Amino acid sequence: MTDVSPKGAAGVRMRSVDKAFGPNVVLRELNLEVEPGERVVIIGPSGSGKTTILRVIMTLERIDGGTIRVGGQHLYHEPVGDQLKAASEKHIRKVRSNIGMVFQHFNLFPHMSALENIMLAPVKVHNKSRDEARETGMELLAKVGLSEHANHTPGQLSGGQKQRVAIARALAAEPAVMLFDEVTSALDPELVGEVLSVLRDIAEEGSTTMMLVTHEMAFAREVADRLVMFDNGRIVEEGRPSDVLDTPQKPRTREFLGAVGDQ
Amino acid sequence: MSEAVATSPTPSGPSTDQKLAYEPHRKWYRRPEILGPVAIVIAVYAVLLGVEVQPGRYRSAFTADGDLALDWDYFFHLIPQMLTGAYVLARATVLGFTGAIVLGLLMALGRRSQFKPLSWVSAFVIEFVRSTPLLVQLFFLQALFRTTDVVNLSGVQILVLGLALHYGTYTSEGYRAGINSVPDGQWEASTALNLDPITKWTRIIIPQAVPNVLPALGNNLIASFKDAPMGGPVLAVPCMLFFANTIRAEDFRSVEPMLLIGAGFLLISIPAAWGLRRLEERIEYER
Ligand SMILES: Nc1ncnc2c1ncn2[C@@H]1O[C@H](COP(=O)(O)OP(=O)(O)O)[C@@H](O)[C@H]1O
Ligand SMILES: [Mg+2]
């Protein structure tokens with residue numbers, strides 16, 4: 001495992017992770033390993049638990065059993081001697097600083113401009129000066145093609161623009177692992193392309209580890225190092241995108257790809 | 001997030017004039033149309049607290065014409081005294097409600113506390129006070145302070161205390177609703193950005209909760225003003241109702257004083273309700 005450095009990539013190791021909502025078991029002894037710098041796309045039917053995988057890594061939901069390591073550090077556990085005990089809030093915060101997430105519904109702060117959305121965490125969490133944060137913020141806005149929109153609020157932006165600001169906001173914290181949960185699903189079809197092209201740029205340039213949930217199969221084929229087919233809380237099949245998409249081995253995968261109309 | 005905007009990715013952004021006119025990035029505490037009314041309210045507070053008026057005994061030097069059902073001369077003659085009563089009432093309301101704003105915040109925080117006993121006690125106090133009438137609480141407080149000689153509180157002071165306690169439970173519910181009205185996505189984005197609790201509350205939650213809390217606070221302020229006259233009969237607070245009762249006892253006239261205090265309440269409540277409505281419209285928050 002690599003050490004954690006803010007700019008370096010970090011792997012994610014999920015071991016035997018359980019997660020249930022009441023009687024509804026969503027993740028069953030899930031083992032999923034993502035190498036540092038790897039781009040993994042998770043596909044699967046609605047309700048199969050794809051979002052939950054990302055949410056437990058982001059610590060938006062707590063796991064019921066198993067372990068998750070990010071960049072070699074346990075997320076929910078702290079080693080004490082050779083034992084693991086439940087992690088303190090402080091420990092979770094420390095490990096969480098390596099992780100960033102982009103949401104389906106953007107979740108931008110509506111009372112702040114695009115630039116303020118991006119600058120908040122660098123200034124408040126990473127102790128950057130305002131000038132420094134503004135400069136990186138403007139660079140990030142340029143990268144996602146929104147330089148002219150720095151002072152616009154989310155309410156003044158289109159869906160695709162909002163999502164690009166949200167991506168810039170997540171990038172500003174320089175996370176080693178980035179999670180993308182169906183980031184184009186809430187967009188009008190004609191706005192999907194602009195967001196995917198930003199994601200493509202990030203995948204090409206950086207060394208960031210990326211875990212993406214998406215229904216855009218052509219995009220998955222293009223950026224993914226590995227495709228994971230997920231159903232009913234378990235991994236059904238995984239492999240190179242072309243292999244899984246062109247010659248699926250499992251009937252469940254064939255059925256799902258047939259339903260979403262793979263190209 | 002309005003999807004109506006989603007189809008206009010032009011630099012001008014908003015697709016309608018109405019959206020253009022709206023500038024939400026000016027934070028509520030920087031917007032004159034919100035600061036203005038708040039400043040007026042604070043000024044009124046300051047005046048009410050600053051000026052000390054001790055109404056003497058309500059008594060009219062003028063006698064009504066016994067043949068008339070409604071003697072207008074007598075009516076106008078009573079106005080200054082009624083205003084004194086209104087002042088006493090407004091002052092008690094302002095003091096009581098200031099207490100309610102602070103007490104309510106403490107109770108709301110207590111109820112949200114991770115420390116379970118504190119949370120339970122706060123919830124119990126809130127539910128208990130909210131589900132018993134103010135009238136009963138005033139009688140109870142009076143009995144408490146008059147029978148135990150520990151602290152000697154005047155009628156007005158007991159009224160202020162009662163209003164603070166009673167309306168504190170309502171404002172605490174207002175705070176709670178305001179906080180809950182901030183969408184889950186905002187809390188989740190705060191976690192994903194690893195914001196510390198202080199930044200999360202001061203920069204994300206409170207700025208979005210305040211516009212939802214202010215109207216509720218205003219409604220409670222008006223309601224507490226309408227409840228404050230209970231101090232008259234229960235605690236002998238020399239307020240508007242007390243004035244009317246005194247005049248009735250002295251002059252055997254009740255139509256004029258009662259009409260007057262009705263007018264007095266309208267005079268204060270209608271502008272307050274109107275101002276509140278305007279405030280609500282202006283604060284209307286965009287998501
Ligand atoms: N907060 C929650 N409370 C209760 N059930 C939930 C919650 N979040 C997700 N679920 C349930 O977990 C299952 C998986 O959901 P999710 O991970 O969102 O699936 P996917 O993203 O693959 O569509 C669904 O049955 C959903 O109803
Ligand atoms: Mg999902």
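The values are calculated or read from the model by the stated rules, or taken from the named source; none is laboratory data. Note that this is a predicted model, so its numbers are computed, not measured. Because the Cβ atoms are built from the backbone with ideal geometry, glycine has one as well, and the counts that use them run over all protein chains shown.
Pick from segment A:165-195 the residues that are without any contact (Cβ under 8 Å) to a residue 40 or more places away in the chain and more than 10 Å from every other protein chain (Cβ to nearest Cβ): which of them is farthest from the chain's Cα centre (by Cα)?
Checking each candidate, the answer is A:PRO189.
Are any residues in segment A:171-214 in a loop (DSSP other than H, G, I, E, B), of a type outside the set (A, V, I, L, M), in contact with a strand residue (DSSP E or B) (Cβ under 7 Å, 6 or more places away or on another chain) and within 16 Å of ligand 2 (Cβ to nearest atom), and if so, which ones?
Across segment A:171-214, the qualifying residues are A:GLU182, A:THR214.
If we keep just the residues of segment B:236-283 that are within 20 Å of the chain's Cα centre (by Cα) and more than 25 Å from B:LEU159 (Cβ to Cβ), which is modelled with the lowest pLDDT?
Per the criteria, the residue is B:ILE283.
Just checking, which of A:ARG55, A:ARG39 is within 16 Å of ligand 2 (Cβ to nearest atom) and in contact with an Asp or Glu (Cβ under 6 Å, 6 or more places away or on another chain)?
The match here is A:ARG55.
The conditions are (1) away from every other protein chain (no Cβ under 14 Å); (2) surrounded by fewer than 20 Cβ atoms within 10 Å (Cβ to Cβ); (3) within 16 Å of ligand 2 (Cβ to nearest atom), and A:GLU61 fails exactly one of them. Which is it?
With (1) away from every other protein chain (no Cβ under 14 Å); (2) surrounded by fewer than 20 Cβ atoms within 10 Å (Cβ to Cβ); (3) within 16 Å of ligand 2 (Cβ to nearest atom) applied to A:GLU61, the lone miss is (1).
Run down A:ASN107, A:ASN117 and say which single residue is more than 16 Å from ligand 1 (Cβ to nearest atom), at pLDDT 95 or above and buried (at least 22 other Cβ atoms within 10 Å of the Cβ).
Going through A:ASN107, A:ASN117 in turn, just one is more than 16 Å from ligand 1 (Cβ to nearest atom), at pLDDT 95 or above and buried (at least 22 other Cβ atoms within 10 Å of the Cβ): A:ASN117.
Residue check: is B:LYS226 within 11 Å of chain A (Cβ to nearest Cβ) and of a type in the set (Lys, Arg)?
It is false that B:LYS226 is within 11 Å of chain A (Cβ to nearest Cβ) and of a type in the set (Lys, Arg).
Considering A:LYS85, A:LYS50, which residue is away from ligand 1 (no atom under 16 Å from the Cβ), away from chain B (no Cβ under 14 Å) and either under 24 Å from A:PHE219 (Cβ atoms) or touching a strand residue (DSSP E or B) at 6+ places or on another chain (Cβ under 8 Å) (or both)?
A:LYS85
Is it the case that segment A:26-43 has a residue that's assigned to a loop (DSSP other than H, G, I, E, B), more than 14 Å from the chain's Cα centre (by Cα) and within 16 Å of ligand 1 (Cβ to nearest atom)?
no
Restricting the search to segment A:107-139, which residues are away from chain B (no Cβ under 14 Å) and among the aliphatic types (A, V, I, L, M)?
If the condition is that a residue be away from chain B (no Cβ under 14 Å) and among the aliphatic types (A, V, I, L, M), then A:MET138 is the only one that fits.
Quick check on segment B:237-248. Is at least one of its residues surrounded by fewer than 16 Cβ atoms within 10 Å (Cβ to Cβ), in contact (Cβ under 8 Å) with a residue 24 or more places away in the chain and either out of contact with any strand residue (DSSP E or B) (no Cβ under 7 Å at 6 or more places or on another chain) or charged (D, E, K, R) (or both)?
No, the conditions are met nowhere in segment B:237-248.
How about segment B:133-160: which of its residues are touching a helix residue (DSSP H, G or I) at 6+ places or on another chain (Cβ under 9 Å) and either among the hydroxyl-bearing types (Ser, Thr, Tyr) or under 22 Å from B:ALA108 (Cβ atoms) (or both)?
Within segment B:133-160, B:LEU134, B:GLN137, B:SER154, B:VAL160 qualify.
For segment A:1-22, which residues satisfy the criterion of being more than 18 Å from A:GLU174 (Cα to Cα), assigned to a loop (DSSP other than H, G, I, E, B) and either modelled with pLDDT of 95 or more or more than 16 Å from ligand 1 (Cβ to nearest atom) (or both)?
A:MET1
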